[in-house]
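Scroll down for the structure; my scribbles are underneath it.
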């Protein structure tokens, strides 16, 4: 079964992205990937700061921060091994478009909705990253990176499951399944503009 089917993503990544974009821009892809891992760790820290009273979430996010920064270091190790340097942070237009779909507002119910939406945003990013890593693992003509992305594909699937699970557990009074479908529909529209640039979500 494909990652597209598992996550109910509406559009699969064209494998030609690997051949036409990734393989001729390995340094750029690795730099972008490293910053994706750093941003994932930052997002987990933000969730801790915003929800300090939910102990399970705090514990899970603290562990996730460690995992994401370990991934960051591993990507950076590959960058150094290949004679590259990290370079400046890349803008992630895909994630920035997803952020526009977040629900915001005050009041206790609104705060819960905001928390659930942040968890679903994270789940969405992990789902798409997992799908991209699978395509990379299957089609890239680079054995080291193929094995690396196959490993990270499995890790991202676990992160997706974690975020979805927390949203369902702590989204009292919210139809989480309905909201997740809304996220899938929204992502299905914006992802059509990507898989053409030198980035994990590009």
Exercise. Taking Rh as the Kirkwood radius computed over C-alpha pairs, what is the Stokes-Einstein D of region 1-115 at 10 °C in a medium of viscosity 1.306 mPa s, expressed in µm² per second?
Worked result: 95
Seminar exercise, completed: A correct fewest-to-most ranking of 74, 104 by other Cβ atoms within 10 Å would be 104, 74
Exercise. Residue 144 versus residue 45, label points 7 Å from Cα toward the beta carbon: distance in nm?
Worked result: 2.9
Exercise. Nearest 10 degrees, 0 to 90: what angle lies between the long axis of helix 55-81 and the longest principal axis of the chain (Cα atoms)?
Worked result: 10
Exercise. Which whole-number percent gives the relative contact order of region 1-126, counting Cα pairs below 8 Å spaced six or more residues apart?
Worked result: 23
Seminar exercise, completed: Assertion target for 101, 148, ordered by fewest C-beta neighbours within 10 angstrom first, is 101, 148
Exercise. Relative to the longest principal axis of the chain, what angle (0 to 90°, nearest 10) does the C-alpha long axis of helix 176-190 take?
Worked result: 40
Exercise. What is the spin-label model distance, in nm, from residue 100 to residue 81 if the labels are put 7 Å beyond Cα along the C-beta direction?
Worked result: 3.9
Exercise. How far, in degrees from 0 to 90, does helix 143-170 lean away from the longest principal axis of the Cα atoms of the chain, to the nearest 10?
Worked result: 0
Exercise. So what is the calculated 222 nm ellipticity per residue for the chain, using -39500 (n - 2.57) for each DSSP H run with n of 4 or more, over all residues, to the nearest 500 deg cm²/dmol?
Worked result: -23500 deg cm²/dmol
Seminar exercise, completed: For the chain, the percent of all C-alpha pairs falling in each 10 Å bin, from 0 up to the bin holding the max distance, is 9, 36, 36, 16, 3, 0
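No value in this document is a laboratory result; all are computed from the given coordinates. Because the structure is predicted, anything quoted here is derived from the model rather than measured. FYI the Cβ positions are ideal-geometry reconstructions off the backbone, even for glycines, and counts take in every protein chain you see.
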